[in-house]
1. Considering only the range 67-86, I want to know if a residue exists there that is at pLDDT 80 or above and small (Gly, Ala, Ser).
2. Search the range 105-121 for residues being modelled with pLDDT under 80 and over 16 Å from the mean Cα position of the chain (by Cα), and hand back the single one that is surrounded by the most Cβ atoms within 10 Å (Cβ to Cβ).
3. Every residue in the range 3-41 that is at pLDDT 75 or above, surrounded by fewer than 14 Cβ atoms within 10 Å (Cβ to Cβ) and over 20 Å from ALA71 (Cβ atoms), please.
4. Name every residue in the range 32-87 that is in contact (Cβ under 8 Å) with a residue 40 or more places away in the chain and more than 18 Å from the chain's Cα centre (by Cα), in order of residue number.
5. Out of everything in the range 56-78 that is among the aliphatic types (A, V, I, L, M) and assigned to a helix (DSSP H, G or I), what residue ends up being farthest from GLU6 (Cα to Cα)?
Amino acid sequence: GDFECEDVYALLRMLSRTGQGAHAKAKANDALGFLGGWLHFVGERLELAAHKRNSNTVEGSARNIAYHYDAGNDFYRLFLDRTMMYSSGVHPGLLPALEGLSFDQREASLEAASYAKIDAMIARADLQPGEHVLEIGCG
């Protein structure tokens, strides 16, 4: 179906990275293989140009930081749970526990793992009632 895309550059970058291995497996005369190879070729050049444009000068660094940190919560809600934690969670027995689960069930597991991580950090810090923690995004 149709879809709208606000950031065509980001879409092309994603498609080019996704096709890195796929186009090599397709036959050279296969239309899909050709398209994947072409997207990979174009994506590599766009990535190189973006890398050169985003050099870590004072101005470039400010632009790089804004690009990554100003994405907004709507972007992160696409793949994070309600905790909005994008560092790793604590998954005891990860693989056996997730086999055969639907996407929604795995999503709930991500949220449970995020809360398990918070609980583990509190336990390690030996926090006592009345003590406060300022979390500054250290992962």
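The values are calculated or read from the model by the stated rules, or taken from the named source; none is laboratory data. Values in this document were obtained by computation on a predicted structure and should not be read as measured data. Positions of Cβ are generated from backbone atoms using ideal geometry, with glycine treated the same way; all protein chains shown enter the neighbour counts.
1. no
2. So, considering only residues that are modelled with pLDDT under 80 and over 16 Å from the mean Cα position of the chain (by Cα), the one surrounded by the most Cβ atoms within 10 Å (Cβ to Cβ) is SER109.
3. Within the range 3-41, TRP38, PHE41 qualify.
4. ALA50 - this is the single residue of the range 32-87 that is in contact (Cβ under 8 Å) with a residue 40 or more places away in the chain and more than 18 Å from the chain's Cα centre (by Cα).
5. This residue is VAL58.
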